[in-house]
Amino acid sequence: MDALIEQQDELLDATDYWEESFISGAFTVPGADEDWTLVLHFDGGVGIQPRFLEVLSAGGRAVTHSSNGGKPIHLFHWYEDGELRTTFEWATARGGSTPDALNTVMREVGFALSEEESASETHVDTEAAVFALAERLTGVRVTEELLRDAEYQLGHVPEEPAEEWTGIVIDITDAHGERLRKEFTREEVDAAVERARAEANAPGE
């Protein structure tokens, strides 16, 4: 795991902006009925796109969850044979083709599934609950020792090319109801960026 963190830090240090490429580490671990592949990465939540999970889960199952460590936000996705079955950020607002299929086990691991339940129940560690839900679906218990001692296969996942854009629109309404709306062409944005860079690199007075 140390090598994974070191390579990710080196990737981030190489640029002066947040790049959406990342280092991913994978290893095999025993789970329910068979071996599973556990993938770990620190990518800000952009790494595993739906189209990849649809392919990975074809003929089987894929479970992914992530946390930003800030607000915090805990995202959960369960795919079965290429289909997104259940997904949520908040357990009270579930999506997917079968959003209620996991309700029983979700309650068992501590989730409140309605606003009424949330108001009447004590606080639940949602991050722990997400890990417990993933364990129920895979049979894989993620522990500090498991992540620390595993033999990872590391790989660099490149940043996806950005779509072409011609301009941006800023549309803001403040607390007093005052609206600000401005449109800028790509040429105007590029010129502003160049001016900012020139000012930042100018020698101090």
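Odds and ends about this structure:
- Sequence of Trp36, Trp165, Trp78, Trp90 when ordered by accessible area, the most exposed leading, probe 1.4 angstrom: Trp90, Trp165, Trp36, Trp78
- Derived scalar couplings ³J(HN,Hα) [region 89-100; Karplus, 6.51 cos²θ - 1.76 cosθ + 1.60; whole Hz; x for Gly, Pro]: 9, 10, 4, 7, 10, 8, x, x, 6, 10, x, 9
- Highest mean first, the peptides 25-34, 186-195, 171-180, 102-111 sorted by other C-beta atoms within 10 Å per residue fall in the order 102-111, 25-34, 186-195, 171-180.
- Solvent-accessible area of Asp2 with every protein chain in place, 1.4 Å probe, in Å² to the nearest 10: 110
- Computed on protein heavy atoms with a 1.4 Å probe, the accessible areas place Ser67, Ser21 in the order Ser67, Ser21, largest first.
The values are calculated or read from the model by the stated rules, or taken from the named source; none is laboratory data. All figures in this text were calculated on a predicted structure; none of them were measured in a lab. Note: ideal-geometry Cβ built from the backbone for every residue, glycine included; neighbour counts use all protein chains shown. Note: areas computed on protein heavy atoms with side chains; ligands, DNA, RNA excluded. Shrake-Rupley method; radii C 1.70, N 1.55, O 1.52, S 1.80 Å.
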